[in-house]
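The structure appears below as structure tokens.
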Amino acid sequence: MASFTPYTYIQCPCHDSTSQVRPADDAPPVNEPELSESDDDHTFDPRAHRSTFSLYPLEYLLYCDVCHQIRCPRCVTEELVSIYCPNCLFEVGSSSLKTEGNRCTRSCFQCPICIGPLVVQALETPPDPTLLSADSATPVPPGPWVLTCSYCHWNSSENGIKFDKPQGIFGQLQKLRYGDEPSKHIVSGDASPTKADWVPETNKARFAALKSFYGAQTVNANPSAGLSGLGDYGLSSPGALTRIMSIYSGNAINGLKQKNKSTIMREADAPNEGFQLSSLDESPAISQLQRDGWDGTVTGEQGKAQVEEGAQFADQLWPIPYLLRTKRSKRCPVCRHIISKPESKVSNTRWRIRLIANNWIPSISIKPLNPPPGSGLLKPIQPAQFLLTFKNPLFDDVKVTLATPATTPGRFASRVTVLCPEFQIDANPDNDMYLDDVLKDGEKERQRRRGDEGIHQAEAGKIWERGRNWVSIVVEVIPASLRIEPPPKILRKEGDPEPDLSPLREDEDVLEIPMFVRLEWESEASHDQVGATISREKEAKEKRELAYWCAIGIGRISQE
């Protein structure tokens, strides 16, 4: 069995989306007291399916210093700072994405076999300059040019792709693939045909033609709706459902006035409208499969990496232009305060603003008080004690209050007891000038405080150990038995659901404790005034609170 590493996951408050989203103008107001009462009565279950999307390690979380709340990657609002190519680090404007797509157009390609970078090399070696030649003779340019992978040694000449010059590889590749008419190929898929005889040849171009055709049909069939297509409004708008229903029902948006019967929409039946007949003759593909074998086919990963779908064999693969990357800033969804913003320069990896939760929330580490010998598994129905160490990153003293259910939720309920649910952590000192002296004094104080090691035992209401900015407490657990057997009939009541006798599920033997953490501390109040009142306000303190659920993984229970 694989070794188990204790962990601590923190729940983001965005699990209750009703408290984080601003209600619509026509929506009824939300009753806050009813929400709070229902939340207090409900114990957090880390094994629930919904909890999977709200639990994160402390390193993944951010903190808003205006709302004083935790923010996770799901609930923040992202904004684009810059768009760039990860290969050449060239910054791309947002206006060029609609015309050129989200691919680099500066001769940056990936190998279609191993996704490694491709370099431009001459297929024929250039002449030796040391050899004698006529003075009037012009040097013969080397060529043709190919794209070569230095990892798997694949080159584009294997698929018949060669270039006349080493510059402008992206444009030459588009010309080789789609011919002299670039209008037959649409990179972004948002363009519309400009000519009546325009015949799309790629999947994206056909989709653009179908979208334009059915958009025009929608307007002609229901002109009263005033919509030119589904792309004119976002699906997240409040009236999106009403507008979609009005397209097919023929009713007005307000639903009060009945309109005349709409005309019948016709289907696309011409090539310039995006219609294409499917070829059912697969004899050439079968013959090539018999000739090349399994090695000549395309894997699922290689087919997904292609710009255009439909490649079945290795000789149908094309070099892949690099996907563009973005730098994004993150805002708080409630107060719109910036909590993370990188430098806009592509080559700079620093952050202008980075409010990580690790600088505001005490970290929790777990280790057994008396490590069990052998495999390290927890024995059922035998008490085990663990040390929880809370480390304070703030420069203020923090009061911590813990609460756990008497038994863990789930099919196998283990008993949990926190010996010291309330304690205080000293502030994090910002002075390392005498770090060695502080460590020596701390070691002496620890030895004096603990005294004899043999008689030191965990007591209720007392901490186990204290440091400069950390405190260790003892948590006692009694693991449940993992035997799957029906409960006695005497203990069952009428109306109780049938017991779950299914086999042990994945990670169901992990002892996971839901713990509610409440933090209280006093910090300097914000100063909005100037003058003589500032000196008085500096002495004032502002009380702050933060509460959240966390899931603590203790270890695995033995199944013997």
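The values are calculated or read from the model by the stated rules, or taken from the named source; none is laboratory data. Computed from a predicted structure; not experimentally measured. Because the Cβ atoms are built from the backbone with ideal geometry, glycine has one as well, and the counts that use them run over all protein chains shown. Surface accessibility is based on the protein's heavy atoms, side chains included, excluding ligands, DNA and RNA. Shrake-Rupley method; radii C 1.70, N 1.55, O 1.52, S 1.80 Å.
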*Along the stretch 383-400, what does the Karplus equation 6.51 cos²θ - 1.76 cosθ + 1.60 (θ = phi - 60°) give for ³J(HN,Hα), rounded to whole Hz, x for Gly and Pro?*
x, 9, 10, 10, 9, 9, 10, 9, 10, 8, x, 7, 8, 10, 5, 10, 9, 10
_Out of the total accessible area of the stretch 383-429 (probe 1.4 Å, heavy atoms of protein only), what percent is carbon and sulfur?_
50 percent
*Using only protein heavy atoms and a 1.4 Å probe, report how much of residue 459 is accessible, in Å² to the nearest 10.*
90 Å²
_Past 30 Å, Cα to Cα: identify those pairs from 211/330; 367/541; 341/391; 379/399, in the order given._
211/330; 367/541; 379/399
*Based on the mean of other Cβ atoms within 10 Å per residue, sort peptides 300-312, 379-391 so the most packed one is first.*
379-391, 300-312
*What is the set of long-range amide H partners of residue 297 at a cut-off below 5 Å, with H atoms built 1.01 Å from backbone N?*
314
_If I model a spin label at residue 80 and residue 5 as a point 7 Å from the Cα along the Cα→Cβ vector, what separation in nanometres do I get?_
3.6 nm
*Residue-by-residue Karplus 3J(HN,Hα) for the stretch 324-341, coefficients 6.51, -1.76, 1.60, Hz, glycine and proline x*: 6, 10, 10, 9, 10, 9, 10, 10, 5, x, 9, 9, 6, 7, 6, 10, 7, 8
*asked:* Name the residue from 353, 363, 375 whose Cα lies farthest towards the positive end of the charge dipole of the stretch 342-405, charges +1 on Cβ of Lys and Arg and -1 on Cβ of Asp and Glu.
replied: 353
_Using the basic label-point model (7 angstrom from Cα toward the beta carbon), what is the residue 493 to residue 522 distance in nanometres?_
4.7 nm
